[in-house]
1. Could you list B:250, A:169, A:210 so that the one with the fewest beta carbons within 10 Å of its beta carbon is first and the one with the most is last?
2. Could you tell me how many degrees, from 0 to 90 and to the nearest 10, lie between the Cα long axis of helix A:224-251 and the main elongation axis, the longest principal axis, of the Cα atoms of chain A?
3. In degrees, nearest 10, range 0 to 90: what is the angle between the Cα axis of helix A:106-115 and the longest Cα principal axis of chain A?
4. In degrees from 0 to 90, rounded to the nearest 10, what is the angle of the helix A:123-149 Cα long axis to the longest principal axis of chain A?
5. Based only on other Cβ atoms within 10 Å, what is the fewest-to-most ordering of A:52, A:38, A:141?
6. Gain in length, residue A:54 to residue A:223, computed as 0.36 nm per residue apart minus the alpha-carbon separation, to one decimal in nm?
7. Of all beta bridges DSSP finds with both residues in segment B:126-223, what is the antiparallel percent, to the nearest 5?
8. Compare the peptides A:82-90, A:152-160, A:194-202 by average per-residue count of other Cβ atoms within 10 angstrom and give them in order, highest first.
């Protein structure tokens, strides 16, 4: 019985990609992909997506642990606040970042006054925008796992004399590994595809802020074929990343 | 289940009836335009695909056209010209297409989605948008190349960017932009937010954001005038109305409204 809706669901995901494939001229693919602008966009995309995934892990893991374990009043409200970037249209997210970190934004003004630097139009702005939209994916998958697992093992470890940091390192973290794996993959994929917040907040300039999705949009303006080819490249990169990381993340601890 | 479905249908029909009567009763019957003896104009929806930069002027013209043609509703899709061409070539139903440049109209005619010969109805040129009060003291096009000035332009692939490139080449001034935006409204937004010191936009866009940015006109802009062609879509569901709309835009009312927001009218 489950097969029918499952097949429909799969078709919904796969068929549009097939549509993309039928429209693309595969013979032109190599020549389009080795163009300097494509290569530069690919490199920039991989670098910024990797950096923002690291940022997601460094900031998101502690946040997920606090959200799942803390009993501070108002924590439930905070849990929903973390989901905001999922609901906000990315362009609005980009505007919000611009109003915060732009030259006239209150934090941006402070940064400009202290360092003389400007955040928008820099590669750092791309990483910030990607981290903003990708972080919830990591936090949500970790938090779910943490709450599902409960804190039994941690309390037992504590009664056996382990200090909080040891408990975190030796008990919490290993329990979290599968969820961390899928969270990392999800946030990397989301960062890789990020478009709206980036173009609004960081702008679009080759080698600095023009990631692969922005290059696709740019190409679609003049030559749809080459936009399709670049989009295929984006899909291939995403599939490779997911295929490499996902099974290991899911099976990692069980084996 | 069945009952609510039926009830919904009744409600929908009633709502449609209400709306249509409300429309026709509120419209003042006016004298026939052009004196072509058009029989009681057939009602219906005229769908106009128009470049984003026409949002303000066409919005007003649509209302005026509706007032002249009781029972007719004008529906707009304002987007980048190339996105609109993309839609048309993929079979989107529309009656009129107004492009912000010749290149995109040529694409549409080449794809055989336009009926007959498109006509240029407006021209536009670039100006420099700067922050309120021009804090960086930008007075001429050459000032955009000064170091320490954050300049934002359109990407060369879109019409405003092509015009920018053309002026750069003719003046020998090379701008080092902080960003190449995908459309002119994005350039304007970045100047208005204060993140860019200056941006190259169309005079009409600067006029629509007059409260947020100042503009610095420069004589070299005359070297890159942008033409706005308009054509009737092939197999348009409302072909007769579409032709009337095209004439209306080029007529006195159309020219007045377009002129008001800064377009040149040939």
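1. Listed from fewest to most nearby Cβ atoms, that is A:169, B:250, A:210.
2. The angle comes out near 20 degrees.
3. 80
4. For A:123-149 against chain A, the angle is about 40 degrees.
5. A:38, A:141, A:52
6. Working: separation 169, 0.36 × 169 = 60.84 nm, distance 3.46 nm.
So the extension gain works out to 57.4 nm.
7. For segment B:126-223, the DSSP antiparallel bridge percentage is about 65.
8. Answer by packing, highest mean first, reads A:194-202, A:82-90, A:152-160.
Every number here is computed from the coordinates shown, using simple stated rules; none is lab data. Only a predicted model underlies this, so the values are computations on that prediction, with no experimental measurement involved. Don't worry about glycine lacking a Cβ; one is built from the backbone with ideal geometry, like all the others, and counts go over all protein chains shown.
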